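Visitor: If you scroll down you'll find the structure; I have some questions about it.
The values are calculated or read from the model by the stated rules, or taken from the named source; none is laboratory data. This one's a predicted model, so the numbers in the text were calculated from it and none came from an experiment. Heads up, the Cβs are rebuilt from the backbone with ideal geometry, glycines too, and the neighbour counts pull from every protein chain shown. Just so you know, the surface numbers come from the protein's heavy atoms only, side chains and all, with ligands and any DNA or RNA stripped out. Shrake-Rupley method; radii C 1.70, N 1.55, O 1.52, S 1.80 Å.
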Amino acid sequence: MATTGASVQLIRNATILLDVGDTTFLVDPMFTPQGEMPTVTDNPALPEFLTTANQDRNPLVPLPDVDLTYDAVVVTHRHPDHWDEAAREEFDVDVPLFCQPEEADAFTDEGFTDVRPVDDETSFEGITIHRTPSQHGHGELAEGMGPVSGFVFEANEIVYVAGDTIWYEPVEETLDQYEPDLVVLNGGEAQFDQGEPITMGIEDVNAVREAIDAEIVVVHMEAINHCLLSREELRAETADVHVPEDGERFSL
């Protein structure tokens, strides 16, 4: 297989098209039209005590007009801003679908026939896919958010999609182990009125920047009502970090 490099195109929120060599992965698809999903605290999977600074309906912005051509789907976890009903209805049932083992049965129950849970690593079209640890917040709140994962895609270039995580030791260990060329972080500093942020903010992104000499792209911003860190604020407080607009592509 001829390797043509790596690139990431932000669709919206955490939804990205990731090109590694000649293979394209659609990661964390959320296709709901603007405003047709409730505020995040209406998610029955979340602890009932959580509240947010606003009650805006999601997504906050429309889906951009982009060409969604892909070879496989990757879902880091099944929160509705990463996998929604509109996505379930979009895909053919035999699409190759990579996920964390804890959620494989849920995809099978939805009728998908080529579900590929990644315990440690697997391969697809010449790309090695490693599942990596993530922590969706701090303390008891992180436990209540359920299991989450990141993924490393390894070919001639190595791309690390960290998923919904804060900066913590296993993220640093993943950077040290795989030495990725491109790192995709979920920013936005998503938070509730209770507890600490559950995705990366300025300090987390700067910690990654200091830890590795790689290209860093930050997504998961300005699309969901509990993501309060703006692109402008992140750009002002970081250096040598790419913060794309919806629809924008970054290539190595």
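Visitor: Being touching a strand residue (DSSP E or B) at 6+ places or on another chain (Cβ under 6 Å), among the hydroxyl-bearing types (Ser, Thr, Tyr) and buried (at least 20 other Cβ atoms within 10 Å of the Cβ) narrows it down to one of 108, 76, 15, so name that one.
Guide: Details: 108 fails: buried (at least 20 other Cβ atoms within 10 Å of the Cβ); 15 fails: touching a strand residue (DSSP E or B) at 6+ places or on another chain (Cβ under 6 Å).
That would be 76, the only listed residue that is touching a strand residue (DSSP E or B) at 6+ places or on another chain (Cβ under 6 Å), among the hydroxyl-bearing types (Ser, Thr, Tyr) and buried (at least 20 other Cβ atoms within 10 Å of the Cβ).
Visitor: Another question, if that's okay. Determine whether the range 39-52 contains at least one residue that is under 18 Å from the mean Cα position of the chain (by Cα) and either open to solvent by 60 Å² or more (accessible area, probe 1.4 Å) or acidic (Asp, Glu) (or both).
Guide: no
Visitor: Filtering the range 179-201 down to residues that are open to solvent by 40 Å² or more (accessible area, probe 1.4 Å) and over 17 Å from the mean Cα position of the chain (by Cα), which residue is farthest from residue 143 (Cα to Cα)?
Guide: So in the range 179-201, the residues open to solvent by 40 Å² or more (accessible area, probe 1.4 Å) come out as 179, 181, 189, 191, 193-196.
Then keep just the ones that are over 17 Å from the mean Cα position of the chain (by Cα); that gives 179, 181, 193-196.
Numbers: 179: 28, 181: 31, 193: 17, 194: 14, 195: 12, 196: 13 Å.
Across the range 179-201, the extreme among qualifying residues is 181.
Visitor: Okay, moving on. Considering only the range 91-105, state which residues are surrounded by 14 or more Cβ atoms within 10 Å (Cβ to Cβ) and within 25 Å of residue 41 (Cα to Cα). Even if it seems obvious, please write down each step before you answer.
Guide: Looking only at the range 91-105, we keep the residues that are surrounded by 14 or more Cβ atoms within 10 Å (Cβ to Cβ), and these are 91, 95-100, 102-104.
Matches in the range 91-105: 99, 100, 102, 103, 104.
Visitor: Just one of 28, 19 is touching a Ser or Thr at 6+ places or on another chain (Cβ under 7 Å) and under 21 Å from residue 200 (Cβ atoms); which is it?
Guide: 28
Visitor: Let me ask you something else. So for the range 144-153 (the condition being among the β-branched types (Val, Ile, Thr) and free of Cβ contacts under 8 Å to residues at least 24 places away in the same chain), does at least one residue qualify? Walk me through how you get there before you give the answer.
Guide: Of all residues in the range 144-153, those among the β-branched types (Val, Ile, Thr) come to 148, 152.
Checking the rest, the ones that are also free of Cβ contacts under 8 Å to residues at least 24 places away in the same chain come to none.
No, every residue in the range 144-153 fails to be among the β-branched types (Val, Ile, Thr) and free of Cβ contacts under 8 Å to residues at least 24 places away in the same chain.
Visitor: Within the range 105-116, can one find any residue that is in contact with a Pro (Cβ under 8 Å, 6 or more places away or on another chain), modelled with pLDDT of 95 or more and at positive phi?
Guide: Taking the range 105-116 as the starting set, the residues that turn out to be in contact with a Pro (Cβ under 8 Å, 6 or more places away or on another chain) are 114, 116.
Now narrow it down to the ones that are modelled with pLDDT of 95 or more: 114, 116.
Still in the running and at positive phi: none.
Looking for residues that are in contact with a Pro (Cβ under 8 Å, 6 or more places away or on another chain), modelled with pLDDT of 95 or more and at positive phi, one finds none in the range 105-116, hence no.
Visitor: Right, here's the next one. Considering only the range 17-117, give the strands (runs of 3 or more DSSP E) lying wholly within it that have at least 2 residues that are aliphatic (A, V, I, L, M) and within 21 Å of residue 245 (Cβ to Cβ).
Guide: Of the strands (runs of 3 or more DSSP E) lying wholly inside the range 17-117, those with at least 2 residues that are aliphatic (A, V, I, L, M) and within 21 Å of residue 245 (Cβ to Cβ) span 23-27.
Visitor: Look at the range 218-249 and say how many of its residues are surrounded by fewer than 22 Cβ atoms within 10 Å (Cβ to Cβ), part of a strand (DSSP E or B) and in contact (Cβ under 8 Å) with a residue 60 or more places away in the chain.
Guide: 1
Visitor: Go through the range 171-190 and count every residue that is at negative phi, in contact (Cβ under 8 Å) with a residue 40 or more places away in the chain and of a type outside the set (A, V, I, L, M).
Guide: 5
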